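Structure first, then comments.
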Ligand SMILES: [Zn+2]
């Protein structure tokens, strides 16, 4: 796995996350909820949906931060070593999770 291919994978991931975030945060389409506004309890459903959207957006933002951090670490030359213990992160782990900054031991600790 070369540095260039890692960077490509990370940038691809970043684009995916950004478009996911866009989809989540874009205002509801005009007329999308027409006909659903008159039942009792809809306010609750909407609130629950908003909460779910917020939670999803938060988790995407966290992943984005990881990707950004990995790109920074790549630029600094520290990519591929655990930011906690400094051990080399196994290549298979980086291939599966290019944005990870911790070895398995530290990630699960
Ligand atoms: Zn570690």
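No lab work stands behind these numbers, since they all come straight from the coordinates. Quantities reported herein were computed from a predicted structural model and do not represent experimental measurements. Reconstructed Cβ throughout: ideal geometry from the backbone, glycine too, with neighbour counts over all protein chains shown.
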Per-region count, the range 72-92, residues surrounded by 13 or more Cβ atoms within 10 Å (Cβ to Cβ), part of a helix (DSSP H, G or I) and free of Cβ contacts under 8 Å to residues at least 60 places away in the same chain
1
How many residues does the range 52-73 hold that are closer than 16 Å to residue 3 by Cα and in contact with a helix residue (DSSP H, G or I) (Cβ under 6 Å, 6 or more places away or on another chain)?
3
Quick count over the range 93-108, residues being assigned to a helix (DSSP H, G or I) and either farther than 23 Å from residue 11 by Cβ or more than 8 Å from the ligand (Cβ to nearest atom) (or both), is 8
